[in-house]
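Notes for the one structure printed next.
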Amino acid sequence: MAGGLLNLIAIGDQNIILTGNPTRSFFKSTYSKYTNFGLQKFRIDQVGQKELEVSRPTKFSFKIGRYGDLLMDTYLVVKLPTIWSPLLYYNKYSDISGVYRPYEFKWIKHIGCQLISEVNILIDGITIQKFSGTYLQNIVERDFDSHKKELFDIMTGNISELNDPANFNNRNNNYPNAFNINSSLPDIIGIEPSIREYNLYIPINSWYSLSTFMAFPLICLQYSNLVIDFTLRPLQELFTIKDVLYDISINTNKIINYNNIPQIRPLQTTLEYQFNRFINPPPTKILELSANTYINLPNRINSNIHLLCTQCFLDNAEREMFAKNSQNYLIKEVKEYNFEKVIKTNKVKLESNGLISSWMWYFQRSDVKDRNEWSNYTNWPYENSIPNDLKKITIDSSYIYYNPHFTYNLGDISKNIYYTGYSPSVYEQTNQREIMKDFAIICNGKYREQTFDSSIFSKIEKYNKSNGSCSKVGLYYYNFTLFTDPFKLQPNGALNTSKFKTIEFEYNNYANPPIDLSNVEFTTICDPATGAVIATSKDPTSIYKYYYNLFVIEEKYNLLIFQNGFGRLLYSS
């Protein structure tokens, strides 16, 4: 007897649990026949400007043509230019590391998402869904697994090739500076760029993009137009360079190594920071201070901005079904709040109305604009760089022992001992990474969620309800749903905030920002008749080096209805 037959013979009452009255087989499968369709990709251009402005936001508007019957997805395509990051010959003061100062140009992290200030999807001029690139980034952080997120990062340019060239491939923290060795023959020999051009393919993960069941029915818009508007950041907000003009004679930051000179946002009013220095090869061997060496070289780029979309062609029977019948889609609207200059402990009120599925929020320093750290939600100036690093012990070693039996020798680098130093004062930057300490949600004056440590909202809430691999510090979540998977259509929880007069977030931060009394701004109030000073006032946050802003992102359900050739939302915002 074959041994496998023993499974068929060994049958008892317990087998009824698994094989009694079976309803499926592991050795047969069936398939369903489907309605016929065809897919095709289309490029959609804006009439007119296709490049980004250097110093101001740029607006683009795309009318979605009805080539097919369904709109399946949409990608914003932007070409980043080739970058040559030169060396500045700095001879104003005694330099800390020689006369050459490298710019070390870097595109910002999450550039594809942070490029987008706003996406607005409209039907006949009425907003259906509007959100920022920050929302797009944070939804990916919350809901995409590590493999999907890795591909998203590659598509949107969040890769070391663009934002950390010194550590791309095998460079081992050596920046690839562009240097004109032979300025008499630059056009013949060429100069290898620091960063090559790169095409961003930014998925606009709107409600119709993540499931074929939610594809936008263009066939239903017989008398209406679908338009997608974008507001994009200026180029000067999308990259950083070393502060090559940093005055070492003042050295307010106590910098002792050029590597510690900060990366900054390059203001285009400063000659040495202008964008054309990086999109053209260095024209000479020596680029001197105040020398307009690039005066005849272009300062604009062709970003070739356009949309790429997939449209679906249906057979006649299904086209007729879509066109003649009302089509209803359950979508999520997005509302974003910005509370400026928040204090250490406070409550903020949300003007929330409708079926809320989730909230996301984060605090951010007001000075992120100085470093283009748009995706930094921590209290540190740079997201992954601790402000006050360890210090090496240099005192006499006669009283220091390495392990129980050996005297410590300062000359032995294998036994270097480091210490943390003193705690910074209220006037200095601290090493505290998170801004928020604890948090609570209040509805009509009653606690919907009691005060909990911030980790509850950054870790446990996400662990229980999301598939994403995000461990981003400073990003917090609260969900009324059982899970947040955007690829599953079945709703699974919401809170109707229309039934509450007030919705409040109560928070407590670790500390206020460092104090800087030089920034205090007073307003004088005078008697209009006599001109005498009768009062003074000041902004309470002006005593700090910077302040904190609180950003809240709210998702709520609404019904999108297509009927009689038009499209509209059931509930207007």
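Those helices (runs of 4 or more DSSP H) of segment 130-199 in which at least 3 residues are out of contact with any helix residue (DSSP H, G or I) (no Cβ under 9 Å at 6 or more places or on another chain) and more than 30 Å from Y478 (Cα to Cα), considering only elements entirely within it, cover 186-189.
Summed over segment 39-95, residues that are assigned to a strand (DSSP E or B) and not small (G, A, S) total 26. From the set of residues in segment 512-566 that are among the basic types (K, R) and in a strand (DSSP E or B), which is modelled with the lowest pLDDT? This residue is K538. Of note, Q364 does not satisfy the criterion of being in contact (Cβ under 8 Å) with a residue 40 or more places away in the chain, buried (at least 20 other Cβ atoms within 10 Å of the Cβ) and in the same structural domain as L136 (by TED's automatic domain parsing). Here segment 431-455 is the region considered, the condition is being in contact (Cβ under 8 Å) with a residue 12 or more places away in the chain and closer than 29 Å to K148 by Cβ, and the residue that is surrounded by the fewest Cβ atoms within 10 Å (Cβ to Cβ) is R433. Scan segment 135-181 for residues that are in contact (Cβ under 8 Å) with a residue 12 or more places away in the chain, closer than 21 Å to S194 by Cβ and loosely packed, with under 14 Cβ neighbours inside 10 Å and the total you get is 1. Mind listing whichever residues of segment 292-320 are surrounded by 12 or more Cβ atoms within 10 Å (Cβ to Cβ) and not in a loop (DSSP other than H, G, I, E, B)? Scanning segment 292-320 gives H306, L307, L308, C309, T310, Q311, C312, F313, L314, E318, R319, E320.
Which of the following residues is of a type outside the set (V, I, T) and either in contact with a strand residue (DSSP E or B) (Cβ under 7 Å, 6 or more places away or on another chain) or free of Cβ contacts under 8 Å to residues at least 12 places away in the same chain (or both): N353, N372, N388? Matching residue, one of N353, N372, N388: N372. Within segment 43-53, identify whether any single residue is of a type in the set (K, R) and at pLDDT 95 or above, and answer yes or no. Yes, segment 43-53 contains a residue that is of a type in the set (K, R) and at pLDDT 95 or above. Within segment 407-421, at least one residue is at pLDDT below 90, out of contact with any strand residue (DSSP E or B) (no Cβ under 7 Å at 6 or more places or on another chain) and not in a loop (DSSP other than H, G, I, E, B).
Of the listed requirements (1) assigned by TED's automatic domain parsing to the domain that holds E504; (2) under 21 Å from the mean Cα position of the chain (by Cα), N346 misses just one: (2). Checked against (1) part of a helix (DSSP H, G or I); (2) at pLDDT below 90, P282 passes all but a single condition, namely (1). For segment 200-221, filtering for residues that are in contact with a helix residue (DSSP H, G or I) (Cβ under 7 Å, 6 or more places away or on another chain) and under 18 Å from E320 (Cα atoms) leaves 3. Given the conditions (1) over 25 Å from F278 (Cα atoms); (2) in the same structural domain as L200 (by TED's automatic domain parsing), and given that K59 satisfies all but one, which numbered condition is not satisfied? The number of the failed condition is (1).
The values are calculated or read from the model by the stated rules, or taken from the named source; none is laboratory data. The model shown is predicted, which means the values in this text are computed figures rather than measured ones. Counting neighbours? That spans all protein chains shown, and the Cβs are built from the backbone with ideal geometry, glycine included.
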